[in-house]
Every structure is written in C-alpha cells, then in structure tokens.
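Below: one structure, written as structure tokens.
The values are calculated or read from the model by the stated rules, or taken from the named source; none is laboratory data. Bear in mind that the values here come from a model prediction, so they are computed numbers and not experimental data. Glycine also receives a Cβ, built like all others from the backbone with ideal geometry; neighbour counts cover every protein chain displayed.
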Amino acid sequence: MTRPTRRLLAASSVFVATALVATGCSGSSDDAASSDTIVVSTFPFGVEQFQQAIIDPFTEKTGIAVEVETGSNADRLSQLQLAAGDPGIDVMLISDTFAAQGQEQDLFQSFDESDVPNLANIADFATEEGFDGPAYSYQLNGTIYNTDQVTAAQAADWSLYADPALAGRLAFPDISVTAGQLAVSGVASVYGSGPYDVDSAYTTLGGWAPGILQFYTSSTEVTNLLTQGEIVAADSLSGFATTLIASGEPVAWTAPTEGRYMATNRAMIPSGAPNLDGAHAFIDYLLSVEAQSASAKIVGDLPVALDAEIPEGITAVVGDIAADPVAAGYATLDPAEVLPNRAQWVERFAREVSSR
C-alpha cells in the first residue's frame, strides 16, 4: 500500500519477539493470548540491552508482552520462506539487503503513517522508496585504526590499503558481510564510475589483496586482530569501534573522504503476521524519540528519529555525522542494483580478490 505522502523503504542474526495486543474482548484463552502478545525477530547481539531500552518500556507503556527469538539474517529469512505465509512473527528487525530479498518473494507487507504515525518524524533516508518497512537504525562504513600507528588523514584515504609500509597489517571485509558491500561500493565509486562498478573495484582490490592480512567475516575478528596488534587498520562499520574507544584503547574510527556508504536496519512486518495491530504499535514505539534516544544510549544504535538525543558514546566515534549522515555525504545503496547481481559479485570477490 502507499503512504499518504511517500512510500516506505522495505538492515548478525534474527530477533523474534511474540506479543499479543490486549484488546479487552472476551473469548477463548487462545484468543486472549493471541491478542496481548507479539513476536519480534531481531539480531543475536545486544539483546539484553535491547530488552532494557525498547522492549520493557514498550510493554510497560502498552501492556503488550513481547517474546524474543534471535538468529542470523540468513537463517531467519530462510525460516520465513519455509513458513509459507504463516510466520508466527509479527515484526522482523533485519538488515536492508535481506529485507529487500524477502520483499522480492512477497514475504513482507507495507504500511503507512495511518498505521505508524511516527513515520512522519524520522529522517527521509529511513523511509526512502524501495522498502516495505522503515529503517530504525543505520551503520556507517569507514576505517577503524590504531591511533599510535596510523593518522586520521591516512585512515580517511582509500590508498591506505595500498600502502606498502602497512602490508600484512591491514584487514578488509569480505563482501558477504554488511561492511563488505559498502566497502566495495566505496572503492568502485572512487576508482571507477560509481558504486556498482565492481569491475573497477575488483581490479583495485585485487591489487591490494596481497597486502591484506585477512578478509574478515565477523566483527570479533576485526576487534581481536586490532587489540592483539596483528593489524593497524581495517575497513569496518562505525559500531565496531564504540566499545574499544570507550574502554580507552588507542583506537579511532573515521569516515572516508570519498565513497561514503551506509547500511540500514529495517523494521519489517511479515506477510501473515498474526498480530498486525501489535506490530504497528511496536514499530511506532521503536521510531519514537523516547525509544530512539534510549536505544542510542543503551544499545549504541544510530538513531533515525529527527529529535532523538545522540549520546556522547556515539559522537566520540562518528562526530557530527550522526546528526545528519546524508548531509555528511553518506548514501544508501539501491537494492534494485545490488540484489540481481549479489550472488555473482560474491562469487567473483572470492575468485578475484580474497583468494589473491
């Protein structure tokens, strides 16, 4: 369905929470249970913090109970495919690439401001056309680095990864992870004709590959390599740096001067969701200033609500970018360009880049 003003855009593991919305109507015990509980699916990390920042206040405010299930983006999308229209899930929090994949298979349903009023109070990029559900947080790609070994100016330049003086002490994401596609598009934009020019990106990255110690597939790999001194820098999402910086490690994160791309995490409603009213209520709360501010402070999520408070822990990592990432030069990738080519790009990355 279309929104009155604009269509919604339809970002690791799955979080599923079931809560049925209380209606006060009489009926069987099963009917009562299904009306005051919803199921929400989310990422496996930071669940306790998410419970504290979002779920508990939501339940206290609405009386709607929430059950939580977790798993990877891929696993939960597969489960949704197998559910055949009977998902048993009311809200799925998922990264944008997987959200777009699910939309292609009609696994999600759209909604508008009449269902979720707080859609009117979030950043334009969070509701850009192309997705059935809004972004509730986003992730910035850049470089995390050891401040004793690398300067901010070096880290902000893609040529860092070609520096022979740093050969064997750098890491780069595999394209299969969120940072990987953003990094490939950044390189394609700077060394090629645009973010989808993977031919130019892979030629460049193939040249850098001998100097890359590891093409990583998890945030743990990056933080361990950095804290153990095996690498001095890595292309990464900004969130990877938050804990390290807060702990006093000689670590910083910086955005590239060119080729800035971000990923979004989206709140989607599966087709056949058993508690549609509860799903709408949950997403509306998730997008509220209250919830967005709490999530930023407790979980570390970059907020999309225009009036959300951005805590010092986030500004210590990304500075003023969190106030308006689009004004700072960040852009999202078009799923219509990425999805038809992604399988081929992943296969080519393994053959032309990471195997070098």
Subject >> region 287-315, residues that are surrounded by fewer than 24 Cβ atoms within 10 Å (Cβ to Cβ) and within 15 Å of the chain's Cα centre (by Cα) >> reply: 296, 299, 300
Original post:
Looking at region 115-154, which of the residues that are among the small types (Gly, Ala, Ser) and surrounded by 24 or more Cβ atoms within 10 Å (Cβ to Cβ) is nearest to residue 54 (Cα to Cα)?
Top reply: 135
Subject >> Conditions (1) in contact with a Lys or Arg (Cβ under 8 Å, 6 or more places away or on another chain); (2) over 19 Å from residue 253 (Cβ atoms): number failed by residue 217 >> reply: (1)
Subject >> Residue among 186, 192 that is of a type outside the set (D, E, K, R) and farther than 14 Å from residue 261 by Cα >> reply: 192
**OP:** Kindly indicate whether any position in region 212-222 is surrounded by fewer than 24 Cβ atoms within 10 Å (Cβ to Cβ), under 23 Å from residue 332 (Cα atoms) and of a type in the set (Gly, Ala, Ser).
**Re:** yes
Original post:
How many of the residues in region 271-298 are assigned to a loop (DSSP other than H, G, I, E, B) and more than 22 Å from residue 127 (Cα to Cα)?
Top reply: 3
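I'm checking my understanding of the structure. Among residues of region 223-238 that are under 17 Å from residue 158 (Cβ atoms) and more than 22 Å from the chain's Cα centre (by Cα), which one is surrounded by the fewest Cβ atoms within 10 Å (Cβ to Cβ)? Explain how you work it out, then say what you get.
Step one: list which residues in region 223-238 are under 17 Å from residue 158 (Cβ atoms), which gives 231-238.
Pick out the ones that are also more than 22 Å from the chain's Cα centre (by Cα) and you get 231-232.
Working: 231: 26, 232: 21.
For region 223-238, the residue satisfying everything is 232.
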Original post:
Considering 101, 109, 52, which residue is modelled with pLDDT of 95 or more, crowded, with 16+ Cβ neighbours inside 10 Å and either assigned by TED's automatic domain parsing to the domain that holds residue 124 or not β-branched (Val, Ile, Thr) (or both)?
Top reply: 109
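Does at least one position in region 343-352 carry a residue that is within 30 Å of residue 209 (Cβ to Cβ), modelled with pLDDT under 95 and not hydroxyl-bearing (Ser, Thr, Tyr)? It would help to see each step written out before you state the result.
Initially, region 343-352 is screened for residues within 30 Å of residue 209 (Cβ to Cβ), giving 343-352.
Next cut, modelled with pLDDT under 95 only: 343.
When the remaining residues are screened for being not hydroxyl-bearing (Ser, Thr, Tyr), the result is 343.
Within region 343-352, one or more residues are within 30 Å of residue 209 (Cβ to Cβ), modelled with pLDDT under 95 and not hydroxyl-bearing (Ser, Thr, Tyr).
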**OP:** Select from region 171-199 the residues that are under 16 Å from residue 342 (Cα atoms) and of a type in the set (Ser, Thr, Tyr) and write down the one among them that is surrounded by the fewest Cβ atoms within 10 Å (Cβ to Cβ).
**Re:** 176
**OP:** Identify the residue in region 60-77 that is of a type outside the set (S, T, N, Q) and over 18 Å from residue 36 (Cα atoms) and, among all such residues, is surrounded by the most Cβ atoms within 10 Å (Cβ to Cβ).
**Re:** 76
